Amino acid sequence: MKKVYFCYLLAVSIIVFIITCGPGTEKYNEKLWKNAFKKQEVLEFKPELVAEFEEVYKRPLLQYIDDKNIYINGSNEQTINIYTRKECRLKIKFGGKGEGPGEFRIIQGFKVYEDFIFINSPGKNSYFSKKGELLKEVRCPPALVPCLPVGDNFITREYSLPTVKDINNSFMEIKTVLVGSDFKEKKILFSKSLNTKYTYNAKTGKKEARLFPESCTFKIYKNNIYIGYSSMDGFFFTVFDSSGNKLYEINRPYIKRKIPDALKDVIRNRKEKYRQRGSNLEVEILFFEYFPSFCTFSVANDKIYVFLYPEIDKQRILILDLKGKLIDVSLIPFDLQSLEKFSFRILYSNIVHNGEKYYIKDNFETSKWELWRLKLCEERKKEKSSDGKGLDSK
């Protein structure tokens, strides 16, 4: 009897250990987490000009960088332009605006895989070789955007917008959905009603743009799906495998960060740019009192880079390992004028490779587009990392 009782206690102890120490519930240093939002030393690294492009683009979008190539979407003509990373020389160009084979109405999803380049456009998934040769095209439902392969399935988003009868409803349901090769729903991985960015106020007759709302997005890394939910309730990531099986969660507390007045003023100066094409409705720009927990994130080099919203002239980046342990905190310079001249796209276009952020900038003096990079973290001394523990370790 004693032996049975001992085995029972041992089994319970093992289960408790797994639950309390397993991924997603790993303890973190709450004081260090809160201090990460108070760091005031801006990294001394300055943005470095990598190259300028001779090609003429209307609105180039940097899509991806690896050890060999730079991938740029020429959105004026819906092309993919592959440059050599070392010389920044254009070597491959494919695609084009249209609906024929290898053409796109608009590129809505892009990802470089080990054996092919994948592009999602309305109603069509296109597979290309690394040399830009069209391998195959598959029809898919136009509503599935973006739609990206993960294992034998696809990951996509679905939106449920307010109906015409409920036009003043400011919420929409966002779902992150795993679909099979037949594009039929297999599993809903995330579902939440979030504030819409735009709504129409029937009382004032104005369109309202409520900026910096809660958001949800996903990334694919090493055949796993990382879903990030930026809210005012917390800081959430959920990780799934390619079959939609939940692996673990990363939950951290929400740290209030007030939206600075200087940032509001810059955005108000761009008011005309919020008008929709073909609409004469006046846009009233509104703000929440606080930012949501983060702006966007990237997964690269076995790390999660979490970009917070800018603090006027600087931006904070939290660098986590893949299980959510805080490794480092960076405070980098932020060009507020770029936000005023260009668009919010500079907030969400964060391409990270080998611990550096890459971005494209328009040089108004030379009328050329430039590729810039900026280090996101300092080199840690060996004695500080030899135990393999991050900043969250006690």
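Taken together, the values in this text are just the output of simple stated rules run on the coordinates, not laboratory data. What you see is a predicted model, and the numbers here were worked out from it, not measured in a lab. Here the Cβ positions follow ideal geometry from the backbone for every residue, glycine too, while neighbour counts run over all protein chains shown.
Distance between the pseudo-spin-label points of Glu99 and Glu77 (7 Å out from Cα toward the beta carbon): 2.2 nm. Pairs exceeding 20 Å between alpha-carbon atoms, taken from Lys31/Lys222; Lys58/Lys361; Lys34/Lys192; Lys175/Lys325: Lys31/Lys222; Lys34/Lys192; Lys175/Lys325.
Ordered by the number of other Cβ atoms lying within 10 Å of each residue's own Cβ, fewest first, Cys216, Cys295 fall into the sequence Cys216, Cys295. The 3J(HN,Hα) values that the Karplus relation (6.51, -1.76, 1.60; θ = phi - 60°) gives for the stretch 113-119 are, in residue order, 9, 4, 10, 7, 10, 10, 10 Hz. Gly and Pro appear as x. Working note: Karplus 6.51/-1.76/1.60 with θ = phi - 60° gives the stretch 252-258 the couplings 10, x, 6, 10, 5, 9, 6 Hz, where Gly and Pro are set to x. Applying 0.36 nm per residue to the separation of Asp261 and Tyr290 and subtracting their alpha-carbon distance, the gain on full extension is 9.3 nm. Sorted fewest first by neighbouring Cβ atoms within 10 angstrom, Lys46, Lys357 come out as Lys46, Lys357.
Pairs with C-alpha atoms separated by more than 31 Å, drawn from the list Lys130/Lys219; Lys91/Lys314; Lys187/Lys375; Lys97/Lys323, are Lys91/Lys314; Lys187/Lys375; Lys97/Lys323. If the segment from Ser160 to Glu370 were pulled out straight at 0.36 nm per residue, it would be longer than the present Cα-Cα gap by 71.8 nm.
Using the Cβ-Cβ distance between Glu173 and Phe37 with R0 set to 25 Å, the FRET efficiency from 1/(1 + (r/R0)^6) comes to roughly 0.25. Extension gain for Lys136 to Lys184 (0.36 nm times residue separation, less C-alpha to C-alpha distance): 15.3 nm. Among Thr156, Thr366, a tally of other beta-carbon atoms within 10 Å of each Cβ gives an order, fewest to most, of Thr366, Thr156. Shown here for the stretch 231-273: trypsin sites (Lys or Arg not before Pro) in loop regions (DSSP other than H, G, I, E, B) with at most 13 other Cβ atoms within 10 Å, namely Lys256. Shape class of the stretch 30-377 from the Cα gyration tensor (axes a ≥ b ≥ c, square roots of the eigenvalues): rounded, since a/c falls below 1.5.
Counting only aspartates and glutamates at least 8 places from Lys124 when in the same chain, those with an alpha carbon closer than 14 Å to its own are Glu99, Glu103, Glu137, Asp182. Taken one residue at a time, the phi angles of the stretch 261-266 give Karplus couplings (6.51, -1.76, 1.60, θ = phi - 60°) of 4, 4, 5, 4, 5, 4 Hz. Gly and Pro are set to x.
Highest mean packing comes first when the peptides 308-319, 123-134 are listed by Cβ atoms within 10 Å, giving 308-319, 123-134. Once the Cβ-Cβ distance of Leu49 and Asp313 is raised to the sixth power relative to R0 = 22 Å, the FRET efficiency obtained is 0.65.
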